[in-house]
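Notes follow the structure.
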C-alpha cells in the first residue's frame, strides 16, 4: 500500500483509531452522567482495588505524559477519589490508591464500560476476541521493539 494506491479503510491503524475514537465518544457522555470524565475514568481503571500503583505506571497504562497524569491525580485527590503517598522503599515515587469514594466511582464507571463492551462485542465469539487481543498485543510489542 503506497502513494496513489493508499486506501485508509484497508489500513489496520485506521480501524484501530476509528474504533478507539468511537469507544471514547460512546463512553464519555455516559461517564459525564455520573460525574466523571475520560482522564479520571482511565485512572480509576488503572488502579486496582486494594493496590497501590505509581503515577508513572498509571501514565504508561493510560497513554499520558507524567506531568499531565500528575495534575489529573492531584485533582482526583482533591475530589477524594484517590490517596497519594510516597512509596515506602523509595520516597521519590508517588503511589496512588483508591479511596472508598474512588472505589465506588470505579464500580459505577465499570458498569457503564461493561455495557458498552457487551454491545461492542455482541457479535464476536470468545475465540475471535482472544485472537484479536493476541494480534493487537503482538503488533503493540512489535512497535515497542
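Among the helices (runs of 4 or more DSSP H) confined to segment 26-145, the ones with at least 2 residues that are surrounded by 14 or more Cβ atoms within 10 Å (Cβ to Cβ) are located at 38-46, 55-62, 66-78, 100-120.
When restricted to residues that are over 25 Å from residue 117 (Cα atoms) and without any contact (Cβ under 8 Å) to a residue 24 or more places away in the chain, segment 28-67 contains 3. Looking at the structure I just gave you, is residue 52 out of contact with any helix residue (DSSP H, G or I) (no Cβ under 9 Å at 6 or more places or on another chain) and farther than 18 Å from residue 93 by Cα? Spelling it out, it is not the case that residue 52 is out of contact with any helix residue (DSSP H, G or I) (no Cβ under 9 Å at 6 or more places or on another chain) and farther than 18 Å from residue 93 by Cα.
A single member of 53, 58 is under 16 Å from the mean Cα position of the chain (by Cα), more than 23 Å from residue 32 (Cβ to Cβ) and at pLDDT 95 or above, and it is 53.
The values are calculated or read from the model by the stated rules, or taken from the named source; none is laboratory data. All figures in this text were calculated on a predicted structure; none of them were measured in a lab. Positions of Cβ are generated from backbone atoms using ideal geometry, with glycine treated the same way; all protein chains shown enter the neighbour counts.
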